[in-house]
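These notes concern the structure reproduced below.
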Amino acid sequence: MAAHLSYGRVNLNILREAARKELREFLDKCAGSKAIVWDEYLTGPFGLIAQYSLLKEHEVEKMFTLKSGRLPSADVKNIIFFVRPRLELMDIIAENVFSEDKMHSPRDFHILFVPRRSMLCEQRLKEQGVLASFINIDEYILDLIPYDGDLLSMEYESAFRECYLENDQTSLYHTAKGLMTLQALYGTIPQIYGKGECARHVANMMLRMKREFAGSQNQILPVFDTLLLLDRNVDLLTPLATQLTYEGLIDEIYGITNGYVKLPPEKFAQKKQGEASKDLPTEPKKLQLNSAEELYAEIRDKNFNAVGAALSKKAKIISAAFEERHNAKTVGEIKQFVSQLPHMQAARSSLANHTSIAELIKDITSTVCFWGHLGVCASLVSASEAFFDNLTVEQEFMTGVDTDKVNTYIEDCVAQKDPLIKILRLVSMQSVCNNGLKQKVLDYYKREILQTYGYEHILTLNNLEKAGLLKLQSSSRNNYPTIRKTLKLWMEDANEQNPNDISYVYSGYAPLSVRLTQVLARPGWRSIEEVLKMLPGPHFEERQQLPAGLHKKRQQGENRTTLVFFLGGVSYAEIAALRFLSQMEDSGMEYIIATTKLLNGTTWIKSLMDRPESQSS
Amino acid sequence: MMKNKADEEDYWNSSKFKAFTFDDEDDEFSRLKESKRAVNSIRPLVDEDDDEEEVEKVSWSGEPVGSISWSVNETAASNQRTDREPAFPKINTDTTSISKSHSGYSLSALFKGETHRSLSDSSVRLYAPELRKPKSEYKVTTRLTAVSLEKFRSLQDKLLLLDYAVSAHDGNVITAVLIYLKRTLSKEVLFRELTDRQTALRHFIHYLTESKDQRLLLELLRALGRTEDMALLQYKEHLGIADENKRRDFLKSCLSLPFSPEDSVHVEDHYTLLERQIIIEVIPRKQEIFQKFPRKASILNMPLITTLYYCCFYHYTESEGTYSSPLNIRQTFKLSEKQFFVTALAARAKLKAWPDVDALFTSRNWLGFTRKKSPLSFQRVVDVLHKNSAPTQVLQDYVALVDDAELRITLAQKHKCHDIVINTYRDLKDRQQLLGYRAKMARGSAEERKINELLNNSQIRWKN
């Protein structure tokens, strides 16, 4: 089931197993038959840790979704609430418990907070007068969830908002805790680098926690050589740009949550032979996406323009494999063929799915309007042309063209009442690429946005300003061009088919965050001191002492392993760029990626909005 | 790989961009088709064993059968004591791939200080291990409840406790201490001490926000001199007021709040707009237009531009003196010519009021000739009209006004304004294109005749 977690350089299955063990221990604490009441948000992340079968083995007989009112009847001894520490959920739980008392057979109540207990919540339960009804109140520390062989996420949605808007560092504490867990399982990480305020905080907390556990030395041979902590606000630009890798585009267009994507069903309708055309399914098609699927692992990080070729190559291989049956003459050969059938069949259905997804994306991204006269495109509005225009403007901003003026494309989008998030993404991007906007320009955008989308968005605009996404240009000069040139953030000749540089993930733009990572590995940050000073927050280096005997004796040519932790979120395209660096023959470095949240520009901006639900009106 | 400096500079100055395109459009498309064909061709072979057990079972919605979210629905659906045992795939729980040396760990045990604590012993479980500093007397060994905190009586002790909590960075512990301090200290003292403790202060603000203690939060922000934050916070409350009159009154009360100068203009506009909408909403809707195009929603709480659109739609001809007149709205909110123009154009086009549309463009120059003028490019005008399904006769008037010949041809072809295409090719003296275009016209059509006439016209000096 989770074998793909152990394929990578670091066996992340160890982490998953530790989490499963913890879960089993808690379940056994509540002796007897049980029902679990789920905070629906948690079922996704939990699904990455355990299946229903594990719960069943520990006498979980029923599962419900947390809803106000009375709990459904179930003949069980224990009712366990699996919830996030949220006040509004406490009120629902209290309601559940109250209505229960009026019924006949008493059941035992327990709460499992994920990932941490919260004083606030317990206080709320106390206020509601139900705290005493709980036999067990416990926490299930699920800080870092293994998503793939090289990817960990805390799925802490509000981390960026809390850190950079509300100045609340709770998520950083969880991050440090998660990293301590990781070190307990994979050995002390000898070198820590970081850039940004939050990175500094996390490193400080880690070092202090280590001092406090000085008594028990970690005797595990270190798996990671280096930890790199990066603040999201060091690179505000990258997530704003539209990701152009296959996986990145799936996320941009359809949204990937907890490793699943929901797609429009039309292209997945199976027409079986001999059957009359069945009714088309109306429910969205849900697919799981991870490296356990061979084909997906192969194409996920490619630029979308290279996906078609990869799919057709695969199609030829599979067709050839099926043709083999004609050559199978002897019983042995036939047996051999049949034994491979299940694998081939899985490959075929995988190919079918991704061909369909690629078609869906292609409908949106590709365009036939290449008169080189962009003005023409603006007048023929369709999804693909909108995508094309949007991309053109993004590229203008990233290359520094006219970032100090009101952009007519943005103006037109406002006039057409395109989704507000799209507008906010573009305006933020312009602001970041210009190191702030002139008063006149900023005021103009704000006025247009408020008049067209509603004055209540004053609140959202203020949030974006606090987070640094929108800002007023200070008297100091625009330093973005210097950063761009020094770090080579724009590569004119990005090769999408056979990439030789990370810039292929955005068809020209090399993500700043990943460039920093790349430079750190070689030639080192000392070569870019000037640029580092222009980016917000301190940069630093720390070393953690290893017990004697745990120092790695490196083999000739053996790769080093770096854990890159993105505080405040990371995009799929950035992950793709890091994977690309891992695979480069001469890089000598393998990367494991961890983050507070997997995000894209849309989900990110949404997390900073007040009342995001009104964005479409 | 990297460009040299000169090249780079050159590039920044050029405006040609490589767009995200398929290198070879046809080839790429055929490739997808190719893999699709391949998929289809091998389907029959494996059709009958579609439900082979080696393949993970997936319900239509895509949840692997046996996954948690699938099971939540599944078990909740079966109401009675289940007599049907869903066949979940067996999962090997004692994974052998785990190395022995790790098997003793459980996640939380790692941080409980002691590794072999009995599990049932939850009452002594450490809630905040960070506070167990060896040198510290501020041990918090049980749950941080109010009871255990009562020991800290003097102000100095309390503040020391707070500082320890802060140095541990555990928001939970900090909040617990803050709740205690809030209960036992006077507001003045608490606010004063928090001013010097930024981290604790942020947690306190977060706590007040979460627990919706708006009153105390506003007081705190005022005491801190964070007046703009306070103003915004108070303004935010209007979102929770459903009754429009109460909301308007509340917004009015916000006008005196210390917003930043820009925001205060916006808030005032917000108030004025709602006030105006309340007036417009109660205007009797007796005119024919309301019967012909019934309203889909109330105008209350809609954005300004939507309100303008509404007025251009239903109250277009009213004189500037009335509150619902578009001109009045334009005046009150100082809308730009362009904003007004786009909105009016869309609204009148939607109603197919073509004379109104025409009138929007008409201006007289000083010689008294009328000519069409637009604050918007004519290409965008055509776009707006087309979206509101304007007929070709209307469209062609505006397509003809597009200056750029190539662009004009493209638009004209798209909207089937044949005359414009033909005339433009004639003006460009492009015989080849004209020949090509003739092939696309119906036999014996007026267009074909017109092209033939042009081609036979010996006066024209064709360039090709």
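The values are calculated or read from the model by the stated rules, or taken from the named source; none is laboratory data. Predicted model only: the values in this text are computed from it and were never measured. Neighbour counts are summed over all protein chains in view; Cβ atoms, including those assigned to glycine, are modelled from backbone coordinates with ideal geometry. Surface areas here come from the heavy atoms of the whole protein model, side chains and all, with no ligands, DNA or RNA. Shrake-Rupley method; radii C 1.70, N 1.55, O 1.52, S 1.80 Å.
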**Prompt:** Between residues in region B:282-300 that are modelled with pLDDT of 90 or more and residues that are of a type in the set (Gly, Ala, Ser) and in a loop (DSSP other than H, G, I, E, B), which pairs lie under 8 Å by C-beta distance while being six or more apart or on different chains?
**Reply:** B:Ile283/B:Ser324
**Complete:** When A:Val83 is run through (1) surrounded by fewer than 18 Cβ atoms within 10 Å (Cβ to Cβ); (2) out of contact with any strand residue (DSSP E or B) (no Cβ under 6 Å at 6 or more places or on another chain), the failure sits at (1)
**Prompt:** Considering only residues of region A:36-54 that are within 19 Å of A:Lys597 (Cα to Cα) and among the small types (Gly, Ala, Ser), which is surrounded by the fewest Cβ atoms within 10 Å (Cβ to Cβ)?
**Reply:** A:Gly44
**Request:** State whether the residues of region A:319-338 include one that is at the interface with chain B (Cβ under 9 Å from one of its Cβ atoms), touching a residue at least 12 places away in the same chain (Cβ under 8 Å), open to solvent by less than 10 Å² (accessible area, probe 1.4 Å) and over 30 Å from A:Ala494 (Cα atoms).
**Result:** yes
**Prompt:** Just a yes or no: is a residue in region A:533-548 farther than 22 Å from A:Val393 by Cβ and buried (at least 19 other Cβ atoms within 10 Å of the Cβ)?
**Reply:** yes
**Item:** Pair list, Cβ < 7 Å and 6+ apart or interchain, from region B:313-327 residues that are surrounded by 18 or more Cβ atoms within 10 Å (Cβ to Cβ) to residues that are of a type in the set (Ser, Thr, Tyr)
**Value:** B:His315/B:Ser324; B:His315/B:Ser325; B:Ser325/B:Ser319; B:Pro326/B:Tyr316
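Rundown of residues vs (1) within 12 Å of the chain's Cα centre (by Cα); (2) at pLDDT 90 or above; (3) not in a strand (DSSP E or B), yes/no style:
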{"site": "A:Glu542", "(1), (2), (3)": "no, yes, no"}
{"site": "A:Lys552", "(1), (2), (3)": "no, no, yes"}
{"site": "A:Gly557", "(1), (2), (3)": "no, no, yes"}
{"site": "A:Asp586", "(1), (2), (3)": "no, no, yes"}
{"site": "A:Thr603", "(1), (2), (3)": "yes, yes, yes"}
{"site": "A:Ser614", "(1), (2), (3)": "no, no, yes"}
**Request:** Return yes when A:Ser73 is facing chain B (nearest Cβ under 10 Å), part of a loop (DSSP other than H, G, I, E, B), open to solvent by 30 Å² or more (accessible area, probe 1.4 Å) and out of contact with any strand residue (DSSP E or B) (no Cβ under 9 Å at 6 or more places or on another chain) and no when it is not.
**Result:** yes
**Asked** Hey, A:Leu426 hits all of (1) facing chain B (nearest Cβ under 8 Å); (2) closer than 30 Å to B:Lys387 by Cβ; (3) touching a helix residue (DSSP H, G or I) at 6+ places or on another chain (Cβ under 6 Å); (4) of a type in the set (A, V, I, L, M, F, W, C) but one; which does it fall short on?
**Response** (1)
**Request:** Kindly indicate whether any position in region A:173-185 is out of contact with any Lys or Arg (no Cβ under 7 Å at 6 or more places or on another chain) and assigned to a strand (DSSP E or B).
**Result:** no
**Request:** Considering (1) closer than 20 Å to A:Asp412 by Cα; (2) exposed (fewer than 15 other Cβ atoms within 10 Å of the Cβ), say which one B:Glu406 fails and leave the rest.
**Result:** (1)
**Asked** Does B:Gly240 satisfy the condition of being within 14 Å of another protein chain (Cβ to nearest Cβ), within 27 Å of B:Arg202 (Cα to Cα) and small (Gly, Ala, Ser)?
**Response** yes
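To keep it simple, each residue is scored yes or no on (1) hydroxyl-bearing (Ser, Thr, Tyr); (2) part of a helix (DSSP H, G or I); (3) out of contact with any helix residue (DSSP H, G or I) (no Cβ under 9 Å at 6 or more places or on another chain).
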site: A:Gly8; (1), (2), (3): no, no, yes
site: A:Ala18; (1), (2), (3): no, yes, no
site: A:Phe81; (1), (2), (3): no, no, no
site: A:Val97; (1), (2), (3): no, yes, no
**Message:** Condition first: part of a loop (DSSP other than H, G, I, E, B), closer than 25 Å to B:Phe340 by Cβ, open to solvent by 10 Å² or more (accessible area, probe 1.4 Å) and modelled with pLDDT of 95 or more. Can you find one or more residues in region A:420-431 that meet it?
**Reply:** no
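Listed here are the residues, each with its yes/no results for (1) modelled with pLDDT of 90 or more; (2) open to solvent by 20 Å² or more (accessible area, probe 1.4 Å); (3) within 13 Å of chain B (Cβ to nearest Cβ); (4) part of a loop (DSSP other than H, G, I, E, B).
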{"position": "A:Pro115", "(1), (2), (3), (4)": "no, yes, yes, yes"}
{"position": "A:Ile137", "(1), (2), (3), (4)": "yes, no, yes, no"}
{"position": "A:Leu142", "(1), (2), (3), (4)": "no, no, yes, yes"}
{"position": "A:Phe160", "(1), (2), (3), (4)": "yes, no, no, no"}
{"position": "A:Asp168", "(1), (2), (3), (4)": "no, no, yes, yes"}
**Request:** From the list A:Gly436, A:Gly468, pick out the single residue that is on the phi > 0 side of the Ramachandran plot and open to solvent by less than 10 Å² (accessible area, probe 1.4 Å).
**Result:** A:Gly436
**Item:** Sole exception among (1) surrounded by fewer than 22 Cβ atoms within 10 Å (Cβ to Cβ); (2) under 21 Å from the mean Cα position of the chain (by Cα) for A:Lys21, by number
**Value:** (2)
**Asked** Considering region A:387-401 alone, what residues qualify as being within 19 Å of A:Glu252 (Cβ to Cβ), within 8 Å of chain B (Cβ to nearest Cβ) and touching a Cys at 6+ places or on another chain (Cβ under 7 Å)?
**Response** A:Phe388
**Request:** Select from region A:353-370 the residues that are without any contact (Cβ under 8 Å) to a residue 60 or more places away in the chain and under 18 Å from A:Tyr254 (Cα atoms) and write down the one among them that is farthest from the other protein chains (Cβ to nearest Cβ).
**Result:** A:Asp363
**Every residue from region B:447-459 that is open to solvent by 40 Å² or more (accessible area, probe 1.4 Å), without any contact (Cβ under 8 Å) to a residue 12 or more places away in the chain and assigned to a helix (DSSP H, G or I)** = B:Arg449, B:Glu453, B:Asn456
**Asked** Within region A:486-518, can you find the residues that are open to solvent by less than 60 Å² (accessible area, probe 1.4 Å), in a helix (DSSP H, G or I) and within 24 Å of A:Asn434 (Cα to Cα)?
**Response** A:Ile502, A:Ser503, A:Tyr504, A:Val505, A:Leu512, A:Ser513, A:Val514, A:Arg515, A:Leu516, A:Thr517
**Message:** Of the conditions (1) closer than 25 Å to B:Lys334 by Cβ; (2) of a type in the set (A, V, I, L, M); (3) assigned to a loop (DSSP other than H, G, I, E, B), A:Leu464 satisfies every one except a single condition; which number is it?
**Reply:** (3)
**Asked** Yes or no: A:Glu57 closer than 27 Å to A:Ala292 by Cα and open to solvent by 50 Å² or more (accessible area, probe 1.4 Å)?
**Response** yes
**Condition broken by A:Val60, with the remaining ones in (1) under 30 Å from B:Thr209 (Cα atoms); (2) within 11 Å of chain B (Cβ to nearest Cβ); (3) without any contact (Cβ under 8 Å) to a residue 60 or more places away in the chain satisfied** = (1)
**Request:** Go through region B:432-446 and give me each residue that's open to solvent by less than 50 Å² (accessible area, probe 1.4 Å) and not in a loop (DSSP other than H, G, I, E, B).
**Result:** B:Leu434, B:Gly436, B:Tyr437
**Asked** Which one of these is closer than 21 Å to A:Pro239 by Cα and of a type outside the set (Lys, Arg): A:Glu166, A:Glu139, A:Glu122?
**Response** A:Glu166
